Amino acid sequence: MTGFALGVDQEEWCGRLRALSARRLRPLAEKGEPGRVNRPLLAALGEEGLLERVFVSGALELCLLRESLAYGCTEAETALALQGLGAYPVLRAGSPAQRERWLPGVRAGRLVAAFALSEPGAGSDAAALALAAERDGGGPGRAAAGVDGVDGRGWRLTGEKRWISNAPEADFYTVFARTGEGPGAKGVTAFLVPADRPGLSGEALDMLSPHPIGSLAFDGVPVGPEDVLGEPGRGFRVAMDTLNLFRPSVGAFAVGMARAALDATLAHTSGRGAFGGVLADLQAVAHRVAEMATRTEAARLLVYAAAGAYDSGSPEVPRRAAMAKLLATETAQYVVDHAVQLHGAIALQRGHLLEHLYREVRAPRIYEGASEVQRTIIAKELYREVAAR
């Protein structure tokens with residue numbers, strides 16, 4: 001890929017993904033129950049090898065995958081992304097035993113993963129987590145003496161997580177809790193918590209979302225050293241490593257929705273009769289479509305640039321990832337909103353593509369760091385670079 005265009009092989013792959021979304025994934029998504037995990041859809045993603053691609057792809061390939069699926073089936077894109085978000089910490093920071101136990105099922109679409117970071121009082125400020133991990137005499141199935149020289153004492157998790165995608169239906173959760181090794185982000189540990197662990201319960205929240213979003217209650221949930229992802233007190237780094245990869249691909253999800261809305265608008269305005277011609281003949285319409293296309297292209301290129309920075313190991317990843325998510329999600333909101341306006345009342349009819357996109361496009365401006373948080377990250381990185389010079 002150059003700075004401005006994808007290669008022929010990449011374009012062909014994206015075309016195949018869009019066709020697959022329409023042919024196989026969209027019908028499965030339409031059969032799903034809103035607010036529930038669509039396990040047949042997950043199984044299909046596994047059978048097609050797309051869940052596997054999440055764990056072996058670089059950031060650019062992940063962006064192309066998410067953008068292409070979003071164009072044809074946002075539910076499939078979201079199901080795939082949530083598997084990656086919940087299980088990527090296991091891939092990067094998990095022990096060989098953890099990876100062997102959980103990742104094959106995730107890749108096959110048999111096991112549902114979830115990323116449990118947000119809390120009632122800690123959404124945008126992830127370092128303000130309150131879920132407490134208090135030291136216990138021993139972890140599940142472990143003696144206090146430890147195993148292989150590792151401290152065998154465990155913890156008890158007490159508190160709440162909220163707005164967790166795939167909760168309460170996930171089979172396991174990547175949970176971030178305060179173990180207190182230091183203040184703020186320095187005292188957070190990541191744990192892999194199976195859904196059947198004693199003391200863990202959850203309930204669904206009634207949200208504007210086709211997939212489940214719920215809250216989790218931790219009533220002295222036992223976890224041991226074998227459940228830690230990475231090292232105690234280093235969990236915030238696990239979370240940020242995951243978000244730095246997935247933030248540009250959230251932008252890719254948004255770009256996929258924007259491109260779908262733009263293509264629908266081009267088709268509609270070029271064929272809809274109005275005032276003795278077609279809508280596209282009206283300068284006000286044509287100029288608005290031109291603006292929609294320009295913003296979409298700018299967002300697409302910024303997403304690809306952020307993905308390229310991640311794949312090359314650039315130190316600019318936090319800033320570029322934040323820029324990509326910010327511009328792409330705000331652009332998608334703009335494009336979908338104007339697409340609805342240019343379509344008129346038909347776009348608000350239940351089942352219409354734009355009615356669907358209008359509901360879907362709002363959430364990405366909030367999750368994995370709201371737009372305001374992305375602006376804060378960008379500014380901090382810019383001033384940090386100035387100070388370094």
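The values are calculated or read from the model by the stated rules, or taken from the named source; none is laboratory data. Not measured: the values here are computed from a predicted model. Note: ideal-geometry Cβ built from the backbone for every residue, glycine included; neighbour counts use all protein chains shown.
What number goes with the only condition from (1) crowded, with 18+ Cβ neighbours inside 10 Å; (2) free of Cβ contacts under 8 Å to residues at least 24 places away in the same chain that Ala379 does not pass?
Among (1) crowded, with 18+ Cβ neighbours inside 10 Å; (2) free of Cβ contacts under 8 Å to residues at least 24 places away in the same chain, Ala379 violates only (1).
Out of curiosity, is Ala299 within 25 Å of Glu61 (Cα to Cα), under 23 Å from the mean Cα position of the chain (by Cα) and touching a residue at least 60 places away in the same chain (Cβ under 8 Å)? If you could, list the steps in order and put the result at the bottom.
Values: within 25 Å of Glu61 (Cα to Cα): yes; under 23 Å from the mean Cα position of the chain (by Cα): yes; touching a residue at least 60 places away in the same chain (Cβ under 8 Å): no.
In short, no.
If Leu25 satisfies every condition in (1) assigned by TED's automatic domain parsing to the domain that holds Asp171; (2) in contact with a Gly (Cβ under 9 Å, 6 or more places away or on another chain) but one, which is the exception?
It is condition (1) that Leu25 fails.
Might you let me know whether region 10-27 holds any residue that is within 15 Å of the chain's Cα centre (by Cα) and among the hydrophobic types (A, V, I, L, M, F, W, C)? Full working, then the answer.
Start the filter on region 10-27 by keeping residues that are within 15 Å of the chain's Cα centre (by Cα), which leaves none.
Checking region 10-27: not a single residue is within 15 Å of the chain's Cα centre (by Cα) and among the hydrophobic types (A, V, I, L, M, F, W, C).
Mind checking which residues of region 67-93 are out of contact with any helix residue (DSSP H, G or I) (no Cβ under 7 Å at 6 or more places or on another chain) and crowded, with 24+ Cβ neighbours inside 10 Å? Please lay out each step first, then the result.
Keep residues of region 67-93 that are out of contact with any helix residue (DSSP H, G or I) (no Cβ under 7 Å at 6 or more places or on another chain), which gives 78, 82, 86.
Across region 67-93, the qualifying residues are Thr78, Gly86.
In this structure, is His352 surrounded by 18 or more Cβ atoms within 10 Å (Cβ to Cβ) and either of a type in the set (Ser, Thr, Tyr) or under 29 Å from Arg26 (Cβ atoms) (or both)? Let's see the steps before the verdict.
On the way: surrounded by 18 or more Cβ atoms within 10 Å (Cβ to Cβ): no; either of a type in the set (Ser, Thr, Tyr) or under 29 Å from Arg26 (Cβ atoms) (or both): yes.
No; evaluated as a whole, the condition is false for this residue.
When Val188 is evaluated against the numbered criteria (1) touching a residue at least 40 places away in the same chain (Cβ under 8 Å); (2) in contact with a strand residue (DSSP E or B) (Cβ under 8 Å, 6 or more places away or on another chain); (3) closer than 20 Å to Ala363 by Cβ, which criterion, by number, is the only one it fails?
Here Val188 meets the rest and fails (3).
Taking region 164-209 as the search range and keeping residues that are of a type in the set (Ser, Thr, Tyr) and within 20 Å of Arg101 (Cβ to Cβ), which one is farthest from the chain's Cα centre (by Cα)? Let's see the steps before the verdict.
To start, the set of residues in region 164-209 that are of a type in the set (Ser, Thr, Tyr) comprises 165, 173-174, 179, 189, 201, 209.
This time we only want the ones that are within 20 Å of Arg101 (Cβ to Cβ), so: 173-174, 189.
Values: Tyr173: 15, Thr174: 14, Thr189: 21 Å.
Once the filter is applied, the top-ranked residue is Thr189.
With the condition kept exactly as written, say whether any residue in region 197-204 is assigned to a loop (DSSP other than H, G, I, E, B), out of contact with any His (no Cβ under 9 Å at 6 or more places or on another chain), more than 30 Å from Glu77 (Cβ to Cβ) and modelled with pLDDT of 95 or more.
There is at least one residue in region 197-204 that is assigned to a loop (DSSP other than H, G, I, E, B), out of contact with any His (no Cβ under 9 Å at 6 or more places or on another chain), more than 30 Å from Glu77 (Cβ to Cβ) and modelled with pLDDT of 95 or more.
So which residues in region 31-62 are without any contact (Cβ under 8 Å) to a residue 12 or more places away in the chain, outside any helix (DSSP H, G or I) and either under 17 Å from the mean Cα position of the chain (by Cα) or closer than 20 Å to Trp102 by Cβ (or both)?
Gly49, Ser57 - these are the residues of region 31-62 that are without any contact (Cβ under 8 Å) to a residue 12 or more places away in the chain, outside any helix (DSSP H, G or I) and either under 17 Å from the mean Cα position of the chain (by Cα) or closer than 20 Å to Trp102 by Cβ (or both).
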